[in-house]
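The values are calculated or read from the model by the stated rules, or taken from the named source; none is laboratory data. Bear in mind that the values here come from a model prediction, so they are computed numbers and not experimental data. All Cβ positions, even for glycine, are placed from backbone atoms using ideal geometry, and neighbour counts span all protein chains on display. SASA here: full protein model, heavy atoms, side chains in, ligands and nucleic acids out. Shrake-Rupley method; radii C 1.70, N 1.55, O 1.52, S 1.80 Å.
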Amino acid sequence: MKNFVLDRTYLRGQVELNERYTGRIRRITITGPALRGLEWRPGQHVRVHVGKPGPLRTYSIWDYRTDTIDLCVLDHGDGPGIRWARTVRPGEDVVFTKPAGKLVPRQGAYHVFVGEETASVAFGPMARALPSGVPVYGVIEVDGPSDRLRLPDTVVWSYRAGAPAVASGTLVTQVSRLELPDEPGIAYVAGELRTVQAVRKHFVRDRGWPRRSIVIKPFWTPGRIGMD
């Protein structure tokens, strides 16, 4: 019964590639028969066992192809998740949950993406999944140019240059400078908890957007894990 429950809840795959993808971001490619026909919506995440016995860490899926997923992991700190990401090798087995999460594209006249490095992993596939011709805006704050992932050219990049990502006032300032249509679209705001809250407050208080037009997803904040 235990193995039956495990197989219903988790997927098993093997690492195919672990490489420095861009700047501080590692790309870990996982493949296997269990991933064929995977039900995944762009923006969703998986939770990976990162040790034996394995604590779980949450990673957005950057891409999915037939029987393969790509995870993009920010290489920072020294927790069990990043130690796993730095050391896991091709051929090693990986156990992880099926894709989940409500940070997925919604219908709107236009779309605004706001966040930092951790959010950009989810935003990339979300933007690629939007219908052709739908306007895209946004601000992504990263430490420096080398941390940029592939996103639409209309997204503005902001650089912290060593400043903390927690409660980032510079990101809120950059968002306030965005020239957006008069009517609300759909905003996706993800990343550090206090920054996400501040950006949502800007949309509601300063721009008059209804809360239902703002999709928020706090991924992390100091002292807390597993915010999914």
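Details
- Mean accessible surface per residue for region 1-158, computed with a 1.4 Å probe while every protein chain stays in place, in Å²: 48
- Local electrostatic count, TRP84, Cβ distance below 13 Å [Lys/Arg +1, Asp/Glu -1]: +3
- Accessible surface of region 100-228, 1.4 Å probe, proportion on carbon and sulfur as whole %: 51
- Spin-label model, LYS102/ALA34: points 7 Å from Cα along the beta carbon direction are separated by 2.8 nm.
- Based on protein heavy atoms only, region 172-228 ends up with 55 Å² per residue of surface accessible to a 1.4 Å probe.
- Computed label-point distance, nm, for sites VAL95 and ARG194 using a 7 Å Cα→Cβ extension: 3.7
- The trypsin sites (Lys or Arg not before Pro) found in region 132-169 that occupy coil by DSSP, while having at most 16 further C-beta atoms within 10 Å, are ARG150.
- Contact order normalised by residue count of the chain, Cα under 8 Å, 6+ apart, percent: 18
- Cα-based reach from LYS102 at 20 Å (exclusive), listing aspartates and glutamates while leaving out same-chain residues under 8 positions away: GLU39, ASP63, ASP70, GLU116, GLU117, GLU192, ASP228
- Over region 1-94, Cα pairs under 8 Å with separation of 6+ residues give a relative contact order of 33 percent.
- FRET efficiency for the ALA161 to ASP78 pair, using the beta carbon distance and R₀ = 25 Å, is estimated at 0.65.
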